[in-house]
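Peer 1: This is the structure I have questions about; it appears just below.
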Amino acid sequence: MPAMPLPRRAAALASAAFLLTACATNPVSGKRELALMSEAQEIQLGRQADAEIRQTMGVYNDPELQRYVQQIGLRLAKSSERPNLPWSFAVIDSPAINAFAVPGGFIYLTRGILPFLDDEAELAGVLSHEIGHVTARHTVQQYSRQTAAGLGLGVLGIFIPAVGQAAPIAEAGLGALFLKYGRDDEREADRLGVTYNARNGWDPAGVAGMLTTLSRLDEASGERRGVPNWLSTHPAPADRVQEVQALIAEARKTTTATATNAQAFLQQIDGIVFGDSPEKGVVRGADFLHRDLRFAMRFPEGWDVSNTDAQVAAKRPNAEHYVILELVQAQGGSLEQVAQQQMAKAAFQLVEGSRTRINGLDAVVGTYRGTLQGMGQAGARAAHILHGDRVYLLVGLAPAAQFNAAVGTFNQTIGSFRPLTAAQAEAIRPNRVDLYTARSGDSWQSISSRASEGNVKPSTLAIMNDYEPSQPPRAGDRLKIVVIG
């Protein structure tokens, strides 16, 4: 949850490259088009962005899995129209369901997307799709457009991301911030994905399989915590599945590629962390527990909770009421001065406040008024809490007309912030993917309750295993489930 630094050097390079326009031949279409940067500039930009992405988002600590993904990605990329790019493939340590690319051949999967793929052909399909965005120079075109429009790679304000119109609580991720593709680009990347899969022996139906799963996630997004990031950077896949099926049928006329290598894939993701990691804090129902920073708190029951690199946020269903937790970048001074500076920076004015203690921790708690984009006049009940040598901001936000009704809930949440002992912190374990053979009488509800103590929704388990949420598991099927520990 520490705040994410902005990749400024990459943005500056993109801005400079935008000014150097020339014509070039598109490697995929063969057509002449406006080139907003040379290939050398594209690679330089990609390398700088890659270094910052790895630093800010983190690489998942599983060398064998990283080698596995890199080998598959390189095999696909070397058969593409741009085999000589410095291709690189990495699994990012994020629970978001996402895959993205930056110019120059740098491709990323989140660990969060892997449990929702069924086999190696679907993994290859995701990688092929992202490779297609690079080979057709979609990444260069979109990157340059975003930079030219002045969007850069930045993120908004102090706690504004949680209540902005784009918002709330889905992890933004760098891919979602600067690469959003149009339908024509998506269709071309789908076509190239089918081609690259078939060319390398993987079943081209893997592309349709991953799109079908993402479509189910899209349909279930109203039940999930946040929106899968892949769906915010790529148009909804449901209407593309039929088009891809036609491309697959065409590819089968000239290829016998059918490899799925399901067992090899399952072996690689067996034990992968699912959802939040203890290093970044874990959500257990309404509770948020952070092992390394040694604190815990409880969000309001029934609210949707999401943990990102920048903040932990909760939203009341069907209401613009939010509770947000952030680590404050304090510049020194008393706790009262830190609170005043931070809230003034967010354009909130103090109504009343005082020094207090919360579960043995020094704190400043106050009521504030301000204006938020998308909400208008708002009230805030904010606590700046000193724990160790860090200051945490825990704030409840609601429209001004509803603030008095919500403030009791905000106070209760603020009062739940508490330190953990070393033993309590050490006992925090992440959710992990495990393999399980379905038995007669199993349901997604019973598996969820038994294996993960209800921390993973039954509909999520169904979608992970290529089922509709309404379909019960078949006895004897090898399933991906989620367990604690």
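The values are calculated or read from the model by the stated rules, or taken from the named source; none is laboratory data. The structure presented is a predicted model; accordingly, all values stated were derived computationally and were not measured. Heads up, the Cβs are rebuilt from the backbone with ideal geometry, glycines too, and the neighbour counts pull from every protein chain shown. Side chains included, ligands, DNA and RNA excluded: accessible areas come from the protein's heavy atoms. Shrake-Rupley method; radii C 1.70, N 1.55, O 1.52, S 1.80 Å.
Peer 1: How many residues, within the stretch 422-453, are in a strand (DSSP E or B), open to solvent by 60 Å² or more (accessible area, probe 1.4 Å) and closer than 21 Å to PHE288 by Cα?
Peer 2: Here the count works out to 1.
Peer 1: Being open to solvent by less than 10 Å² (accessible area, probe 1.4 Å) and under 23 Å from SER334 (Cβ atoms) is the filter here; which residues of the stretch 371-395 pass it? Walk me through it before giving the result.
Peer 2: So in the stretch 371-395, the residues open to solvent by less than 10 Å² (accessible area, probe 1.4 Å) come out as 372, 378-380, 382-385, 392-395.
Hits for the stretch 371-395 are ALA380, ALA382, ALA383, HIS384, ILE385, TYR392, LEU393, LEU394, VAL395.
Peer 1: Could you list all residues from the stretch 275-295 that are touching an Asp or Glu at 6+ places or on another chain (Cβ under 6 Å) and surrounded by fewer than 21 Cβ atoms within 10 Å (Cβ to Cβ)?
Peer 2: Of everything in the stretch 275-295, those that are touching an Asp or Glu at 6+ places or on another chain (Cβ under 6 Å) and surrounded by fewer than 21 Cβ atoms within 10 Å (Cβ to Cβ) turn out to be GLU279, VAL283, ALA286, ASP292.
Peer 1: If ARG298 satisfies every condition in (1) touching a helix residue (DSSP H, G or I) at 6+ places or on another chain (Cβ under 8 Å); (2) closer than 20 Å to GLN412 by Cβ; (3) open to solvent by 10 Å² or more (accessible area, probe 1.4 Å); (4) at pLDDT below 95 but one, which is the exception?
Peer 2: (4)
Peer 1: Out of all the residues in the stretch 336-369, which are in a helix (DSSP H, G or I) and either open to solvent by 70 Å² or more (accessible area, probe 1.4 Å) or free of Cβ contacts under 8 Å to residues at least 12 places away in the same chain (or both)?
Peer 2: GLU336, GLN337, GLN340, GLN341, ALA344, LYS345
Peer 1: Filter the stretch 454-479 for residues that are open to solvent by less than 10 Å² (accessible area, probe 1.4 Å) and not in a helix (DSSP H, G or I) and give the result.
Peer 2: VAL456, TYR467, LEU479 - these are the residues of the stretch 454-479 that are open to solvent by less than 10 Å² (accessible area, probe 1.4 Å) and not in a helix (DSSP H, G or I).
Peer 1: Got a sec? Which of LEU386, LEU372 is in contact (Cβ under 8 Å) with a residue 60 or more places away in the chain, within 20 Å of ALA339 (Cα to Cα) and within 30 Å of the chain's Cα centre (by Cα)?
Peer 2: LEU372
Peer 1: Can you confirm whether the stretch 179-187 contains a residue that is at pLDDT 50 or above, crowded, with 18+ Cβ neighbours inside 10 Å, over 19 Å from the mean Cα position of the chain (by Cα) and of a type in the set (Ser, Thr, Tyr)?
Peer 2: Taking every residue of the stretch 179-187 in turn, none turns out to be at pLDDT 50 or above, crowded, with 18+ Cβ neighbours inside 10 Å, over 19 Å from the mean Cα position of the chain (by Cα) and of a type in the set (Ser, Thr, Tyr).
Peer 1: Scanning the stretch 227-252 for residues that are open to solvent by less than 30 Å² (accessible area, probe 1.4 Å) and not in a helix (DSSP H, G or I), which turns out modelled with the lowest pLDDT?
Peer 2: Ranking the qualifying residues of the stretch 227-252, first place goes to PRO228.
This table checks each residue for (1) small (Gly, Ala, Ser); (2) touching a Ser or Thr at 6+ places or on another chain (Cβ under 7 Å); (3) at pLDDT below 90.
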| residue | (1), (2), (3) |
| --- | --- |
| ASN26 | no, no, yes |
| SER29 | yes, no, yes |
| ALA40 | yes, no, no |
| ARG47 | no, no, no |
| ALA51 | yes, no, no |
| ARG54 | no, no, yes |
| VAL59 | no, no, no |
| ARG67 | no, no, no |
| GLY73 | yes, no, no |
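Peer 1: Of the residues ALA427, ALA438, which is out of contact with any helix residue (DSSP H, G or I) (no Cβ under 7 Å at 6 or more places or on another chain) and at pLDDT 95 or above?
Peer 2: Just one listed residue meets the conditions, ALA438.
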